[in-house]
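Only the coordinates and a few stated rules stand behind these numbers; no lab work does. Every value quoted in this text rests on a predicted model; they were computed, and no experiment measured them. Using ideal geometry, Cβ is built from the backbone for each residue, glycine included, and neighbour counts are taken over all protein chains shown.
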Amino acid sequence: MEEVFEEVDEMREEMKDSLMEMIRIPAIGPSNDGKGEMERAEFLMELIDDFGFDSIERYDAEDDRVPDGLRPNIVATKEGKTDKNLVIISHMDIVPEGDLEEWDTDPFDPVFKDGKIYGRGAEDNGQALVSSIYAVKALNEAGVKPEYNLKIMMVSDEETGSEYGVNHLLEEDLIKEEDMVVVPDYSEDQGEKIEIVEKAGLWVKIEVHGKQGHAAFPDQNINANRIMARYQNLVDEELHHEFEQEDELFSPPQSTFEPTKRLSNVPNVNSIPGKETQYFDCRILPSVDLERVKSTFKKAAEQMEDETKAQIKVEFLKENDAPERTPEDSEVVQNLKRAIKDVRGVDADLIGIGGGTVAMSFRRKGIATAVWCSNDGLAHQPNEYAVLDYIVKDCKVFARFALESD
């Protein structure tokens, strides 16, 4: 064990350099107006060629929206002493950089400062990609064979639904019910908590159709902007009143109903908008009936239509029921807790979160999955960074997990 950890420590600068080089390769999916993950996948394939994997394979999903028509998924395997598989799965795709004025540095020209690597995708999910592949390299350099078959999966399309990533791999039957799966894509308290359950998810689109006209004559028009504001306040009050229950396992402990994206309306100041479009992102406790939440959105729309002359359309874009939680006594949870204790010296607590990781897809298939890594929670934010010390420690945890069952 100490020999493996010494190898990890010696690779510290190499891990930093690899992550910085990867950040320079944008991997934004076509749903976010990007060209996909192929260039980053090719970089990773070349990087790990001499890491000691027994096999490196690609399972591409067809997608004609990207230049080469393919969304790549890499499965790199290090054979172990037993037939049991430990799967560590991270995603190659990233979200767009957002408002550049909010960044202190170029999001795709990484900077290393005060032990942190700044750049878009550094934490989400570049850190996990690096820590997992270098765990295998450290085992190989130390001449140690892992207890389990160690499968490092690097997937596409996590940020926009996983149709071309995890779901494609599940269709290929590459992850089995008996496998132990770790998803290093969420952290609390710098890696002192393991996520074992997620909330249900619901995306809602609201369209208010009024009547556009001159702002000087509001009585001749129907102001969709004002009606949307009233609807938003009404539905917000109804949702939080109706679904106020809490579950302390989750962080945060209650269901959340957040207005998010809003489309632009009229381009000029002196026109009343005739159409407004607002989206909601809802993360709902498993104990709450999704149909009741949907009904609340519809009833609020009906009430506003009765009170105004507007038409309000409610569309449910995506909904995910909460799958069964990973059992606390499952092998993946207990082995991960033991590895964290050995490396970090802490007893990791078990939590639930608002959803958003690929663990949901695995749990629906009855595959025990634990979500864990160490980070500061900078995903999707400007000035995103990864802490080099966390990458090194996570790498040791993955290597420790792979080495021994007890």
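Measure of size requested: the Rg and Dmax of the chain, with Cα atoms as the atom set and Å as the unit; please supply both.
23.3, 80
Percent antiparallel among DSSP beta bridges with both residues in the chain, to the nearest 5? Intermediate values should be presented prior to the final figure.
Values: 46 of 67 bridges.
Around 70 percent of the beta bridges assigned by DSSP in the chain are antiparallel ones.
Setting aside same-chain residues fewer than 8 positions from K205, which lysines have a Cα under 16 Å from its Cα?
By straight Cα distance, K205 reaches K261, K275, K294, K298, K299, K313, K318.
So what is the calculated 222 nm ellipticity per residue for the chain, using -39500 (n - 2.57) for each DSSP H run with n of 4 or more, over all residues, to the nearest 500 deg cm²/dmol?
Only helices count here, giving -9500 deg cm²/dmol.
Which shape class applies to the stretch 200-320: rounded if a/c is under 1.5, otherwise prolate when a/b exceeds b/c and oblate if not, where a ≥ b ≥ c are the square roots of the Cα gyration tensor eigenvalues? Can you show the working numbers first?
On the way: a/c = 2.75, a/b = 2.29, b/c = 1.20.
Because a/c hits 1.5 or more and a/b exceeds b/c, the stretch 200-320 counts as prolate.
The stretch 194-266: Rg/Rh from Cα coordinates, Kirkwood Rh?
1.15
Using the reciprocal of the averaged 1/r over all distinct C-alpha pairs, how large is the Kirkwood radius of the stretch 126-279 in Å?
Result for the stretch 126-279, one decimal place: 20.8 Å.
Which shape class applies to the stretch 66-189: rounded if a/c is under 1.5, otherwise prolate when a/b exceeds b/c and oblate if not, where a ≥ b ≥ c are the square roots of the Cα gyration tensor eigenvalues?
oblate
Please go through the stretch 135-233 and write out the trypsin sites (Lys or Arg not before Pro) that DSSP classes as loop and that have at most 13 other C-beta atoms within 10 Å.
K176
Around G345, with a cut-off of 11 angstrom between Cβ atoms, what is the net charge of the other residues, counting Lys and Arg +1 and Asp and Glu -1?
Values: positive: K341, R344, K393; negative: E192, D342, D347.
Summing Lys and Arg as +1 and Asp and Glu as -1 gives 0.
State log₁₀ I(q)/I(0) for the stretch 334-406 at q = 0.13, 0.28 Å⁻¹ as given by the Debye formula over alpha-carbon point scatterers of equal weight, solvent excluded.
Log10 I(q)/I(0), no solvent term: -0.48, -1.28.
I want the local charge near K35. Using Cβ-Cβ distances under 12 Å, sum +1 for each Lys or Arg and -1 for each Asp or Glu among the other residues.
After counting each charged neighbour, the total is -3.
Taking the Cα centre of the stretch 200-320 as the origin and placing charges on Cβ (Lys, Arg +1; Asp, Glu -1), which of Q311, N233, V288 is farthest toward the positive end of the dipole?
Towards the positive end, the residue furthest out is Q311.
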